[in-house]
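Notes follow the structure.
Rule-based calculations on the coordinates, nothing more; no lab input. This structure is a prediction, so every number in the text was calculated from the model and none was measured. Methodologically, a virtual Cβ is constructed for each residue, glycine included, from the backbone with ideal geometry; neighbour enumeration extends over all protein chains shown.
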């Protein structure tokens, strides 16, 4: 899977450059994203703007990745879903449980709010 990785102050933006994510790509997705949990900057924004199709196995992997990140007290936000992908997530009833925003800027806002919330809960 070809991706672009852009590291910001508080998160990594991961942008797959393919137009399809299939179940046979999920191991690669795991191997690419899970190591961020061991870095100084742990939060991930998955920017799916180029993706036109996701199959069920890949959608479930994205959900599991999100849960793994939140289980480790870091953010995982998905942004820029194309309509066919958004509709497919909705059909699988995943859209309501995934942390999805329209833009990278909104994803940044969510990461910041969640960071503040985690700091507040520590006290």
Highest average packing first - 73-79, 35-41, Cβ atoms within 10 Å: 73-79, 35-41
FRET E, pair residue 121, residue 23, Förster distance 25 Å, beta-carbon r, rounded to 0.05: 0.10
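Hey, what's the per residue convex hull volume over the C-alpha atoms of the chain, in cubic angstrom?
94 Å³
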Relative contact order as a percentage, the chain, C-alpha pairs under 8 Å and 6+ apart, gives 23 percent
Nearest 500 deg cm²/dmol is fine: what mean residue ellipticity at 222 nm does the chain get from its DSSP H runs of n ≥ 4 alone, each adding -39,500 (n - 2.57), divided by its residue count? -13500 deg cm²/dmol
